[in-house]
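Reviewing the structure listed below.
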Amino acid sequence: MPKISVIIPAYNAERYIARCLESVIRQTFEDLEIIVVDDGSADGTLGIVEDYASRDPRIKIIRHPENMGILWTRKTGIEASQGEYIAFSDSDDTVEADYCGKMYDKALEVDADLVICGFNKVDKDGNSDPFHSKLDYGGSVRGITKALLMDDIWATVWAKLFKKELLTDSEISFRKNYNMGEDVLVFYSVLGSIRKAAAVDDCLYNYYNNSGSTVNSLDMKKHVNAVLNDLSFLLKAAGEDKELLEGTESKIVDRMYSVLNQCGDRKLVIELARSNGLGNFVSFNMLRKYLPLRKAVVRSLAYRSDLALWYIRR
């Protein structure tokens with residue numbers, strides 16, 4: 001039985017999958033299996049993975065006959081995994097050579113069932129911006145929630161090492177054709193079951209933003225919904241803890257306004273806020289709770305008037 005299973009969902013990833021596989025294959029920690037789940041790719045992804053598998057017996061290939069979405073693809077990989085721990089890599093990302101080794105050593109050192117590392121945000125021009133994940137408030141569920149609230153960690157499944165039981169014993173709502181914000185759903189689903197988490201300061205994962213700077217209207221809707229879904233999960237995680245709840249509400253007030261400024265479609269933001277249980281965060285009373293009077297009035301107008309939003313953004 002391998003110590004670590006690295007799960008790589010892949011869909012039409014022929015441009016990046018070789019780069020990803022090379023980075024996983026060259027791990028200094030060798031006691032691992034590499035599970036590539038091809039989600040019904042229509043390009044040359046499968047052929048590339050098969051070529052690598054013919055040269056490295058640690059690579060296992062699973063193929064969906066049709067596209068099922070990345071959340072379901074992760075489920076397939078988890079069910080097929082044999083490892084004591086599970087790590088995820090997106091097919092267009094890479095990991096440093098000591099990624100698995102350092103994460104596993106930290107898990108054993110402090111007896112953690114979740115280990116989080118820093119990562120490099122790489123833009124389409126190859127520029128890298130390091131993000132050092134921190135758990136300054138401790139490795140308990142409350143400490144992790146506060147770190148999320150302070151933006152000290154990201155609610156992703158990559159750049160993390162999970163004890164397998166976290167993913168198999170938690171009630172994760174796996175759904176087909178769920179492709180935006182699926183990391184958030186999985187992470188918050190296991191959050192309440194985490195016994196102890198630890199952080200590795202090193203940036204061991206490379207997150208590539210290949211989307212460019214512009215998105216179409218459909219992508220923007222998915223993006224806004226993913227952000228609001230994340231905030232909704234964070235609100236639930238805060239529970240009845242007064243400090244966390246107030247901090248979370250304040251963050252939602254600010255983050256929703258940032259989303260409004262980014263997409264400029266007030267009706268879309270309000271619609272998706274309501275569908276994510278955040279409709280009251282566009283109310284004047286909630287804005288006034290966390291903002292000075294003038295700011296609360298200005299933002300309240302922006303949520304209700306396209307003209308006001310245009311004036312504020314110009």
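None of the figures in this text is laboratory data; all of them are computed from the coordinates on show. Treat the numbers as computed from the prediction; the structure is a model and nothing was measured. Glycine gets a Cβ as well: all are built from the backbone with ideal geometry, and neighbour counts include every protein chain shown.
Quick notes on this structure:
- Think of the chain as having a plus end and a minus end, set by charges on the Cβ of Lys, Arg, Asp and Glu; of Tyr85, Ala198, Asn225, Asn225 sits farthest toward the positive end of this dipole.
- Ordering of 38-44, 132-138 by burial proxy (mean other Cβ atoms within 10 Å per residue, highest first): 38-44, 132-138
- Per residue convex hull volume, Cα atoms of region 21-167, in Å³: 133 Å³
- Within the listed set Val49, Val269, Val297, the Gaussian network model of the chain (springs between alpha-carbon atoms below 10 Å) gives the highest mean-square fluctuation for Val297.
- Measuring nothing but how far apart in sequence close Cα pairs (under 8 Å, 6+ apart) lie, relative to its length, the chain scores a relative contact order of 17 percent.
- GNM on the chain, alpha-carbon springs under 10 angstrom: the most fluctuating residue among Arg55, Arg142, Arg63 is Arg55.
- With θ taken as phi - 60° and the Karplus curve 6.51 cos²θ - 1.76 cosθ + 1.60 applied, the whole-hertz 3J(HN,Hα) list for region 130-145 is x, 10, 9, 5, 9, 10, 5, 9, x, x, 7, 4, 5, x, 5, 4 Hz, x standing for glycine and proline.
- Cα-Cα separations in region 135-197 greater than 21 Å, expressed as whole percent: 19 percent
- Residues whose placed amide H lies under 5 Å from that of Ile59, excluding near-sequence neighbours: Ile34
- Dipole check for region 1-134: with +1 at the C-beta of Lys and Arg, -1 at the C-beta of Asp and Glu, and the Cα centre as origin, the magnitude is about 60 Debye.
- Relative contact order (%) - region 61-169, alpha-carbon pairs under 8 angstrom, separation at least six: 33 percent
- Charge sum, other residues only, whose C-beta stays under 12 Å from Gly192's C-beta, Lys/Arg counted +1 and Asp/Glu -1: +1
- Reduced Cα scattering model of the chain, Debye log10 I(q)/I(0), q = 0.10, 0.11, 0.12 Å⁻¹: -0.60, -0.72, -0.85
- Net dipole in debye of region 159-296 [+1 Lys, Arg Cβ; -1 Asp, Glu Cβ; about Cα centre; nearest 20]: 420 debye
- Here the Karplus relation 6.51 cos²θ - 1.76 cosθ + 1.60, evaluated at θ = phi - 60°, turns the backbone of region 254-269 into coupling constants of 6, 5, 5, 5, 4, 4, 4, 5, 5, 9, x, 10, 4, 4, 5, 4 Hz, with x for every Gly and Pro.
- Dipole magnitude (debye, nearest 20) for the chain, charges at Cβ of Lys, Arg, Asp, Glu: 1680 debye
- Amide H contacts of Thr94 (H built 1.01 Å from N, in plane; Pro and chain starts excluded): Asn206, Tyr208 sit under 5 Å, all sequence-distant by 5 or more or on other chains.
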